[in-house]
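The values are calculated or read from the model by the stated rules, or taken from the named source; none is laboratory data. Computed from a predicted structure; not experimentally measured. Every residue, glycine as well, gets a Cβ built from its backbone with ideal geometry; the counts of neighbours run over all protein chains shown.
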Amino acid sequence: METIEWVKTASVDEFPSNAGACVLVNGEQIAVFNFGEENKWYATQNLCPHKKEMAISRGLTGDSNGTPKVACPFHKKSFSLEDGSCLTDEDYELKTYPVKVENGFVYIGME
């Protein structure tokens with residue numbers, strides 16, 4: 001079983017509600033999504049697996065049949081924020097990371 005290291009990123013105030021932002025954690029760009037209305041947080045790799053651009057944090061957020069998702073701003077492929085699976089093309093997926101909020105700060109779990 002792998003141990004998770006919780007890395008403090010930024011204050012919750014630094015993240016837009018119902019949108020994404022990018023943070024650098026241990027040299028990796030991580031896209032963090034704040035679903036403010038539901039008080040849920042998600043994190044994925046920021047690298048688009050299709051276009052190989054650092055853009056996922058700028059994607060459009062929403063849901064697909066109750067599954068929180070992000071759509072890449074370049075090609076509109078949609079990814080589940082829960083498990084990273086591509087909702088529009090099975091050949092792509094995003095790495096996901098656990099997220100927690102404590103004392104007003106967002107933490108990303110790194111293995």
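List of remarks:
- One residue stands out in the range 38-76 among those that are in contact (Cβ under 8 Å) with a residue 12 or more places away in the chain and of a type in the set (Lys, Arg): the one that is farthest from SER17 (Cα to Cα), namely LYS51.
- Filtered residue count, the range 13-37, keeping only those that are touching a residue at least 40 places away in the same chain (Cβ under 8 Å) and more than 16 Å from SER57 (Cβ to Cβ): 2
- When LYS76, LYS51 are screened for being in contact with a His (Cβ under 7 Å, 6 or more places away or on another chain) and of a type outside the set (A, V, I, L, M), only LYS51 passes.
- Where strands (runs of 3 or more DSSP E) sit wholly within the range 1-92, those with at least 1 residues that are of a type in the set (D, E, K, R) and buried (at least 17 other Cβ atoms within 10 Å of the Cβ) occupy 67-71.
- Count - residues of the range 93-106 that are assigned to a loop (DSSP other than H, G, I, E, B) and either in contact with a Ser or Thr (Cβ under 9 Å, 6 or more places away or on another chain) or surrounded by 15 or more Cβ atoms within 10 Å (Cβ to Cβ) (or both): 3
- You will find that of ALA10, ALA31, the residue that is modelled with pLDDT of 95 or more and over 13 Å from the mean Cα position of the chain (by Cα) is ALA10 and no other.
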